[in-house]
1. For the stretch 306-320, indicate whether the set of residues that are assigned to a loop (DSSP other than H, G, I, E, B), open to solvent by less than 20 Å² (accessible area, probe 1.4 Å), within 22 Å of SER211 (Cβ to Cβ) and among the aliphatic types (A, V, I, L, M) is non-empty.
2. If I filter the stretch 184-202 down to residues being under 23 Å from GLY249 (Cα atoms) and not aliphatic (A, V, I, L, M), which single residue comes out as least open to solvent (accessible area, probe 1.4 Å)?
3. Restricting to the stretch 518-534, and then to whatever is of a type outside the set (A, V, I, L, M, F, W, C), outside any loop (DSSP other than H, G, I, E, B) and modelled with pLDDT under 95, can you tell me which residue is surrounded by the most Cβ atoms within 10 Å (Cβ to Cβ)?
4. Name the single residue that is nearest to ALA47 (Cα to Cα) among those in the stretch 131-168 being of a type in the set (Gly, Ala, Ser) and modelled with pLDDT of 95 or more.
5. Within the stretch 203-291, considering only strands (runs of 3 or more DSSP E) that don't extend past its boundaries, which have at least 2 residues that are surrounded by 24 or more Cβ atoms within 10 Å (Cβ to Cβ) and in contact (Cβ under 8 Å) with a residue 60 or more places away in the chain?
6. Here is a check on your reading of the model: is ARG399 under 26 Å from LYS459 (Cβ atoms) and more than 12 Å from the chain's Cα centre (by Cα)?
7. So, in the stretch 446-488, of the ones that are of a type in the set (A, V, I, L, M) and within 20 Å of LYS368 (Cβ to Cβ), which residue ends up surrounded by the most Cβ atoms within 10 Å (Cβ to Cβ)?
8. Within the stretch 346-400, restricting attention to residues that are of a type in the set (S, T, N, Q) and part of a loop (DSSP other than H, G, I, E, B), which residue is modelled with the lowest pLDDT?
Amino acid sequence: LVVKALSDFGVQHVAGVIGSSIEDIVDSLYGHPRLRYISVRHEQVAASICDGYAKVTRRPMVCMGHAGPGACNLMLGVASAYRDATPMLVITGNSGSKRIGRDAWHELDVSALFRPITKWTTRVSRVAALQPTLTAALSLSVSGKQGPVHVDIPQDITATEIGDLDHAEALAASYENVAPDAGHEAVAQVVQMLGSTEKAVILAGGGVFWSGASQLLRDLSARLSLPVATSETARGVLAEDDPLCLGIGGLYGNPGSNQALKDADLILAIGCRFSEQTTLGWTLLSNTAKIVQVNIDGREIGQQYPVTVGVCADAHAFLSALSAEVGRQPELAAAAQRRKSWVAGLQELRAAERRAFFEKAVDAEPLKPQTVVKEIIAVAGRDAIFSVGQGNLTASCIRVPIYETGQYLQSTGLGAMGFAFPGALGAKLAAPEKTVFCLVGDGDFGMVMQDLDTAAREKLNIVIVVFNNGGYGVNRLGQLARKRPPFGVDFLNPGFAALARMYGLHGHSIRTVAELRAALKDCSATNTTTLLDVFVDPLERVGVNPKAVGLYT
């Protein structure tokens, strides 16, 4: 019944670590024609595979864990997905119903664990409730503000013999995202504001991506010459070589997008929650700017900044209504014309910053992170997918140009280490025809490197680039900046390239530009996962020091 409910909803992949409480479910997945089971080496990896998959497809996967410890191991991956509004179904097994509450082995209050990091958590108490509960959970995960949902199933439920599955009730399921529509009065007010302002900018957040509104955004931007800054989650809603795309704003943002947010007299924030990173600790936006905030979650509106207009609506519904109203207002063309010189200046700021950044991409040893990124850009196709880790490398990897949604994956809300590698595996499940790069630090990769086994066994062929600086680089640089000796930041790595080869994969240890170029060429010629262990300068600081902008204080 569990497997039938997942299959009927259209789920195609389930990832997990087997345990006695979920053995019956795993057994039922054997040989299924439409559901592929991915056995992993750690439950966190299963959750992050689901996260990466959904960030490419906007559809939910399922992750599973055993009672107690398995549920605990799922939590980091689920929490990261929750902060990024990523849909997924989390299934945990549990002790038999008669043992729950009696201090049974492995017993924990898993609903209490998952309640703060899911949209809904429930326990199935009878067999007849299995299909309706799972169908409702999957529907909820993709409705409204999307996110993970959790269903706990006692072992005696899944061990029950039920007879002919053909007689089990099948419930209709849909991916339709039912969300509030934009009000006509609010849309008319926004159009009036667009016609009377000189420096209007769109700040696009993850809601634009999750609602499938990218094309609507592109059309509106082009029609009104509206520059677009994005959050990290929304990268690709407008191609980053589009003249109106300013790139991401905030901590890792570039001068063009950040200057636009400082200068703007009107900020049209769509599907955006004004996060700490996007706003440089809520210091970036002008106090005099008018703000229109559109969010599917009404609780987000006005929470960080006072708004002139707040619209509780799905981004797609709002942009559809706005585009229709703009089409009836030909006088908006004059405002669009007035913005062009301002936008040109912003783009020059962005271009100058990129030139300065890549000027540091030299042949020096140890290699600079900028050099590594420059060489990756040279070989990556326009449709390549990048799953990026946390740490000092992020500021370099953020310069990889993104052209479509679902090409840039990261744990943006929680900033969790351990996402990038399994996120890349999930992306490869979602788009097997595309090249998937995992760009990750050695500390980050070391937390999940055991799942090289999963990449090899499941033939999920990706390119892993480990930026190896022998420690937790951001913290090491912070200690040095405070004139303190590095402490608690250094560790010993295995030979990552040799480790990959032990799993039957390709591995290269890289210290020069020539070696890097040869290894990247090898990646395009092989049909297996390739790991590049790239030794980078441990003292090279890239990007903004969070302390300098008041973050974490």
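1. Yes, because at least one residue in the stretch 306-320 is assigned to a loop (DSSP other than H, G, I, E, B), open to solvent by less than 20 Å² (accessible area, probe 1.4 Å), within 22 Å of SER211 (Cβ to Cβ) and among the aliphatic types (A, V, I, L, M).
2. Step by step, filter the stretch 184-202, then rank; the result is THR197.
3. ASP522
4. Filtering first and then ranking leaves GLY147.
5. Correct list: 245-248, 266-270.
6. Against the criterion (under 26 Å from LYS459 (Cβ atoms) and more than 12 Å from the chain's Cα centre (by Cα)), ARG399 does not qualify.
7. VAL466
8. It comes out as ASN392.
The values are calculated or read from the model by the stated rules, or taken from the named source; none is laboratory data. Predicted model, so just to flag it, every value in this text is computed and none were measured. Cβ atoms come from the backbone with ideal geometry, glycine included; neighbour counts cover every protein chain shown. To get the accessible areas, we keep the full protein, side chains included, count just its heavy atoms, and leave off ligands, DNA and RNA. Shrake-Rupley method; radii C 1.70, N 1.55, O 1.52, S 1.80 Å.
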